[in-house]
Each structure stands twice: as structure tokens, then as C-alpha cells.
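The values are calculated or read from the model by the stated rules, or taken from the named source; none is laboratory data. Every value quoted in this text rests on a predicted model; they were computed, and no experiment measured them. Neighbour counts are summed over all protein chains in view; Cβ atoms, including those assigned to glycine, are modelled from backbone coordinates with ideal geometry. Ligands, DNA and RNA are stripped out before the accessible areas are found, and what is left, the full protein with its side chains, is counted by its heavy atoms. Shrake-Rupley method; radii C 1.70, N 1.55, O 1.52, S 1.80 Å.
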Amino acid sequence: MATLSPEQTMLPAVRSFLSSTKQLLIDGEWVDAADGRTFATINPATEEELAQVAQGSATDVDRAVASARRAFEAGSPWSRMTPRERSHLLWRIGDLIDAHAEELAQLESLDNGKRVSSAAGDVSVAAELFRYFAGWATKMEGTSIPMSVPGKEFHAYTRREPIGVVAGIVPWNFPLTMACFKVVPAITAGNTVVLKPAEQTPLTALRLGELLLEAGLPAGVVNVVPGYGDTGAALVDHPDVDKVAFTGSTEVGKKIAAGASRNLKKVSLELGGKAPNIVFADADLDAAVAGAALGGYFNEGQCCVNGSRLYVQRAVFDQVVDGVAAAARAMKVGDGFDPSADMGPLVSAEQHEKVLGYIRGATEAGAVLTAGSAERARDRGYFVDPTLITSVTEQMAVQTDEIFGPVITAIPFDTEDEVVAAANNTVYGLAAGVWSRDLGTAHRVGAKLRAGTVWLNTWHADDVVLPRGGYKQSGWGRELGSFGLDDYTELKTVIAELR
């Protein structure tokens, strides 16, 4: 049976959404950019324009921040909303996302390139984030702390209060989910938000803005301002932004930290990764092979916690490499709307050339392509075949740099101490994994790995209840779980003398 084209399977609601220039959301209204500029967002599977999107400037950032400040200040409808009312609102938004799940998944696939089925999973996570944090809105509690001052009596307690205006700057690999990572805990705590989606993938953030208004979120609580790096820089530099929450590359994260230092606004950062995936000889090798392929090729390799550095104990190295190579060769790359495809395109021409450049550089340095290719996988679209590289040294760029594509490097090891040292020999520390039937080995090695998330005999197992974040240059702070509100609140101590 022939696969239908995206034009044949696209929902009418998606066609309608794409049919007009997408505007900025500021103060509850859809408005053009102040200077009238727009930019094109591109379907990475076809290299064709999807829509024109208003391009926010520093002037538009000023407007959005002013709107968010008004919405935050005492006496506003948002500030008067009770925690229970916020909880109900968050739950309502989650239900709206579910009601429009297929539409959002198609928009995400068109804009990002990922398969519609994968995008549907992302949409489900987005809805669940609203429902999970809805429960926290009524549970932001302080504590009563006894004081010991001779001859006097005091009542001392703490309060958790919102920080203020939050700038959420999000990446293109999980556009809707990452937008919700910033928006949901921020508004749960009572903050207001200016959201800047990645210029490559603005569509689902804008559709989310429509759903927020439909759910009854007061004007100005969440503003959406698409644009390029200068738009994000204007947010970081803005004196009336109280906190920046960023997910993206370590390089950009360093620039944000430097910019935020000028007025000491609060910053949380989830940055790059180069996760080691360690397979011991006693592992369940079928599970380890499947886990290595998932860990390396998930989301077209465009995931900061992917296991891109595969270390395999020498006795089973060839067996594991052969298994991962076979899995890579069996994967079909194709349009995200093609139900037979296992992997979509990369997000952009720039990313496509970057990934292929790393593969070419590795082969020129003497590495071997055990699976995959240094050439584009299709004549049209930003497709890269899933790639496995062997004969790699620890000094090669393909081994040290975050590539953000479907590329796994494989290196043999002999001893536990050797592999732990190699795994930790990176500026990153976002994720890691260990495969061994000996749970003592798995837990012992896992404890030695310097990473914010460590998987044992699995990869990509996750839940919104779990905190995530990184060691070293993989970031500051933690997102989600019970820790997810910490970076969006101020802790106030109140001391009253009792007479």
C-alpha cells in the first residue's frame, strides 16, 4: 500500500493553522512584530516553507516583558488567583493539549522533522506535565523554625514565593515539551513568562499560546516571541526579567550566564551532553544492543542525553558492534508522516551539514564507518543514515564534541577502572548508562559516573516525577519532579517577635 504524502494526511486544523502568517503573543493578543519582519519556518523533510512567522525584536521583547510584569504585579488577575484556581487551570490546559494531540503532533513533525508517532509521545508528555504540576500548585509550603534567643520569644517561618518574570528560551529538538518544561513550573509557582521558541521550530509554541488563552490564562501571563539569537539576547539582557531558564548548547549557555551576570538575574541551564554507554561482558547482550541503538539514534540522535559514546568490554566488543550496526542498517529514514519510517530528517540544513562534517572528519582521521554514511541519505530533505563509527580515539572530535545527530562511536575496554576514567573524561555530565547482569557492578559503576542521570540496564526510561539536569558543563539546576519548582521560587524568611 502506497504511503500517503503529508498533504494527503494533514488534518484540516493543521492546514488552517499554517495558512496565515503566525504572529507574536503579547498581553493576550496576537500582534505583528513592531518592525513588521517575518521569517520562514521550513519542513526539514521537504525543504519547503511551512509558514511565515513574526520575528520578534528588542522592541517586541520590551512589550512582552512589560506585559508579563503587569500580569505579575500585586492586584492583577493572575496575582489574585488562588493556588487551587491555578491547579484547576493547569489541569484544564493539559486536557486541551490532549484534545488537540493529533494536530499538535502533526505540527511538530512538519516543523521539526520527527515522526508523527514520536511527536505524539512528546505531546502526551506535555499534557502530563500540566497535570503533574497542577498537584504542586496547592503544595508550595514553608516551614516553621524554632529560634533560640535567650530572654526573647519569636515565631519564625519560611515562605515560597514566585520570582517574577521568567524568560524561557527553548531548543528545537523537543519544541513543545521543552516549552512546557519552562512554562509549566514557572506558572505553577505564580510567575509570568516570556517564551522564546527556537527559530527552527516555532509552530507548536504558538499553538500552545492559543490553547493557553482558550483555557482562560489571564493576559500577559505567558507571552510568545519567536525570533533569532538577538531576540534571546534581548531577553537575557532585559533589566526587568528576573530569571532566565534555558535549554540548549553549552556554548550558548555560557553566553547566557555571562549576560545574566550583568544584573545578577537568576539562571537555570540544561546544556549539552556526550553520554557514555558502558556494556560489560556479563550483560544481557540482546538488551544492551537494543538499548545502545535506542540510546544513540533516538529522536534522530538530536537528544542531549543520548548515549553517543559506546564502551564495550573487549570480550564482547565485536558481538555488540555487529548487533548495533545491524540495527542501524535496518532503520529506514523517511518523512515523519511515513508510518514505515524509523527515523526522520535532522532539523535544518545547518544541522545536517554539521553532522555530516563530523562523520567525514572522523573517517579522514582514520576511523571506520561500520554502519552509515558521510553522504546525505536522500536527494531532498536533511536526512542522515544512522551511523556507527569504530577505530575511534579519545582525541577525535567525533568522540569529544556533542554532534547532535544519529552517530554512535564504539570503543573497547578491559577493566572497570579504565572505562570509568574514560567515561568521565569529558566536560559534560548530563547522562550515562551501565549494562551488567551483576547489580553490584551496575550500581557501583553508576555511582562513579559524573552525570545527572544514570541508567542501569535501560536507556531513556523517564517520568515527569524525576529531576533532570547535569554535572560540570551540562548545566545549572534541576528541572521537573519535586525539585522542579525550586528554581522558580524565592525562599523568604519571616521573623516575628512575640510579646
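In the stretch 255-274, which residue that is among the hydrophobic types (A, V, I, L, M, F, W, C) and part of a helix (DSSP H, G or I) is nearest to residue 176 (Cα to Cα)?
Of everything passing the filter in the stretch 255-274, 256 is nearest to residue 176 (Cα to Cα).
Take residue 401 and tell me if it is more than 20 Å from residue 292 (Cα to Cα), among the acidic types (Asp, Glu) and in contact (Cβ under 8 Å) with a residue 60 or more places away in the chain.
Taking the combined requirement at face value, the residue does not satisfy it.
Kindly list the number of the only condition in (1) touching a Leu at 6+ places or on another chain (Cβ under 8 Å); (2) under 30 Å from residue 48 (Cα atoms); (3) not basic (Lys, Arg) that fails for residue 155.
The one condition residue 155 does not meet is (2).
With free of Cβ contacts under 8 Å to residues at least 60 places away in the same chain and polar (S, T, N, Q) as the only criterion, which of 299, 263 stands out?
263
Answer yes or no: is there a residue in the stretch 91-112 that is of a type in the set (A, V, I, L, M), in contact with a strand residue (DSSP E or B) (Cβ under 7 Å, 6 or more places away or on another chain) and assigned to a helix (DSSP H, G or I).
yes
Residues are listed down the side, and each one gets a yes or a no for (1) charged (D, E, K, R); (2) under 16 Å from residue 365 (Cα atoms):
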residue: 376; (1), (2): yes, no
residue: 384; (1), (2): no, no
residue: 389; (1), (2): no, yes
residue: 398; (1), (2): no, yes
residue: 418; (1), (2): yes, no
residue: 449; (1), (2): no, no
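Under 8 Å by Cβ, and 6 or more places apart or on different chains, what pairs join a residue from the stretch 141-158 that is more than 19 Å from residue 489 (Cα to Cα) with one that is assigned to a strand (DSSP E or B) and charged (D, E, K, R)?
Once the first residue is more than 19 Å from residue 489 (Cα to Cα) and sits in the stretch 141-158, its partners that are assigned to a strand (DSSP E or B) and charged (D, E, K, R) give 152/497; 153/497; 154/497.
Can you tell me how many residues within the stretch 64-101 are basic (Lys, Arg) and either surrounded by 20 or more Cβ atoms within 10 Å (Cβ to Cβ) or touching a Ser or Thr at 6+ places or on another chain (Cβ under 8 Å) (or both)?
Adding up the residues that qualify gives 4.
Does any residue in the stretch 60-73 that is farther than 18 Å from residue 226 by Cβ come within less than 6 Å, Cβ to Cβ, of a residue that is open to solvent by 40 Å² or more (accessible area, probe 1.4 Å) six or more places away or on a different chain, and which pairs are these?
These pairs meet every condition: 69/240.
Does residue 87 qualify as being closer than 30 Å to residue 342 by Cβ and hydroxyl-bearing (Ser, Thr, Tyr)?
Considered against the rule, which asks whether it is closer than 30 Å to residue 342 by Cβ and hydroxyl-bearing (Ser, Thr, Tyr), residue 87 comes out as no.
State whether one or more residues within the stretch 321-340 are open to solvent by 10 Å² or more (accessible area, probe 1.4 Å), farther than 24 Å from residue 359 by Cβ and touching a strand residue (DSSP E or B) at 6+ places or on another chain (Cβ under 7 Å).
No: the stretch 321-340 contains no residue that is open to solvent by 10 Å² or more (accessible area, probe 1.4 Å), farther than 24 Å from residue 359 by Cβ and touching a strand residue (DSSP E or B) at 6+ places or on another chain (Cβ under 7 Å).
Can you list the helices (runs of 4 or more DSSP H) found entirely within the stretch 394-499 that contain at least 3 residues being surrounded by fewer than 20 Cβ atoms within 10 Å (Cβ to Cβ)?
Of the helices (runs of 4 or more DSSP H) lying wholly inside the stretch 394-499, those with at least 3 residues that are surrounded by fewer than 20 Cβ atoms within 10 Å (Cβ to Cβ) span 416-424, 439-448.
Tell me the helices (runs of 4 or more DSSP H) entirely within the stretch 1-87 that contain at least 3 residues that are over 30 Å from residue 335 (Cα atoms).
Ranges flagged: 58-72, 77-80.
Is one or more of the residues making up the stretch 275-284 part of a helix (DSSP H, G or I), farther than 19 Å from residue 476 by Cα and under 24 Å from the mean Cα position of the chain (by Cα)?
No: zero hits.
Could you please let me know if residue 270 is open to solvent by 10 Å² or more (accessible area, probe 1.4 Å), within 16 Å of residue 173 (Cβ to Cβ), under 21 Å from the mean Cα position of the chain (by Cα) and at pLDDT 95 or above?
It is true that residue 270 is open to solvent by 10 Å² or more (accessible area, probe 1.4 Å), within 16 Å of residue 173 (Cβ to Cβ), under 21 Å from the mean Cα position of the chain (by Cα) and at pLDDT 95 or above.
Condition check: within 25 Å of the chain's Cα centre (by Cα) and surrounded by 18 or more Cβ atoms within 10 Å (Cβ to Cβ). Does residue 54 satisfy that?
The answer is yes for residue 54.
Which of the residues belonging to the stretch 128-171 are open to solvent by less than 40 Å² (accessible area, probe 1.4 Å) and more than 29 Å from residue 70 (Cβ to Cβ)?
Of everything in the stretch 128-171, just one residue is open to solvent by less than 40 Å² (accessible area, probe 1.4 Å) and more than 29 Å from residue 70 (Cβ to Cβ), namely 156.
Could you identify the single residue in 298, 317 that is aromatic (Phe, Trp, Tyr), in a helix (DSSP H, G or I) and over 20 Å from residue 115 (Cβ atoms)?
317
Would you confirm whether or not the stretch 377-385 contains a residue that is at pLDDT 95 or above, of a type in the set (Lys, Arg) and in a loop (DSSP other than H, G, I, E, B)?
For the stretch 377-385, residues at pLDDT 95 or above, of a type in the set (Lys, Arg) and in a loop (DSSP other than H, G, I, E, B): absent.
Look at residue 48 and say whether it is open to solvent by 40 Å² or more (accessible area, probe 1.4 Å) and under 30 Å from residue 379 (Cα atoms).
Yes, satisfied.
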